[in-house]
1. Quick one: length gained pulling Phe70 to Glu161 fully straight, 0.36 nm per residue minus the C-alpha distance?
2. Mind listing the phi-derived Karplus ³J(HN,Hα) values for the range 40-57, rounded to whole Hz, using 6.51, -1.76 and 1.60 with θ = phi - 60°, and x for any glycine or proline?
3. Which net charge results when you count Lys and Arg as +1 and Asp and Glu as -1 among the other residues whose beta-carbon is under 10 Å from that of Val102?
4. If the viscosity is 1.306 mPa s and the temperature 10 °C, what Stokes-Einstein diffusion coefficient in µm²/s follows for the range 47-110 when Rh is the Kirkwood radius over Cα pairs?
5. Express in nm, to one decimal, how much length is gained between Glu84 and Lys50 on full extension, taking 0.36 nm for each residue of separation and deducting their alpha carbon distance.
6. Once the principal axes of the Cα atoms of the range 30-150 are found, what is the range along each, listed largest first in whole angstroms?
7. At 7 Å along Cα-to-Cβ for each site, give me the label-to-label distance between Leu59 and Lys186 in nm.
8. How far is it, in nm, from the label point at Ile153 to the one at Gln113 when both lie 7 Å from their Cα along the line to the Cβ?
Amino acid sequence: KFIQQNETQKKLAEISKEKIDAELKLLKTQINPHFLFNTLNNIYGLSLKKSDQTPEIILKLAKIMRYNIFDSAKDKVSVQKEIENIQDFIDIQRIRHKSVSVEFIHSIDDISQEISPLILLHFVENAFKHGASESRFDSYIRINLKLENRTLIYKVENSKELGLTKDSTKIGLKNIKRQLELLYSKHILTIDNSDKIFRITLKISFETNE
């Protein structure tokens, strides 16, 4: 009877894990396709101007697409890879949002530390979509990532204008929150949403999640 009970618990645990894996895959696939279309339009515009930036941007887009298709299918990637992907994304967005001041500071004490792919990028996408693209004046995005003693502290802040808020921000954040719940039992996500600033601070303790 004990063996049978043990087997039942094992099967239930396996079913539960499969359900979580399936949910995570679904959440990861909910990436906004507008980024790809907008980037292709920007590349087309640059090519018409015969801009020297065109080949570089095509390479960056190819890297991002490779990361989204292949690396995002993995359970984990190195934090270093995630940083490179964020940087490529920022470089492409700078073409669209020339008046936006973007600062990305990162400091890592262990480049082999792994993290779920795209989890950090979502916050940067959110900052560009609901900060930069909704602002008619000079705006800024500040990103700060620090990894020390297996603890990651990640801050993303963007300026915003009064009255320019959208419900779609909540949908995007709901997706990220759910992923964090499923992946990292020991994490803290704080959101500051004032009249002029939107800021998230994420803390993940890897030691307790592995």
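1. 29.1 nm
2. Working through the residues one at a time gives 4, 5, 5, 4, 4, x, 5, 5, 5, 7, 6, 5, 5, 6, 3, x, 5, 5 Hz.
3. Result for the local shell: 0.
4. On the way: Rh = 13.4 Å.
This corresponds to a translational diffusion coefficient of 119 µm²/s.
5. That works out to 9.6 nm of additional length.
6. Over the range 30-150, Cα extents along the principal axes are 46, 31, 28 Å.
7. 4.1 nm
8. The answer from the label model is 1.1 nm.
Rule-based calculations on the coordinates, nothing more; no lab input. Values in this document were obtained by computation on a predicted structure and should not be read as measured data. Backbone-built Cβ (ideal geometry, glycine too); neighbour counts: all protein chains shown.
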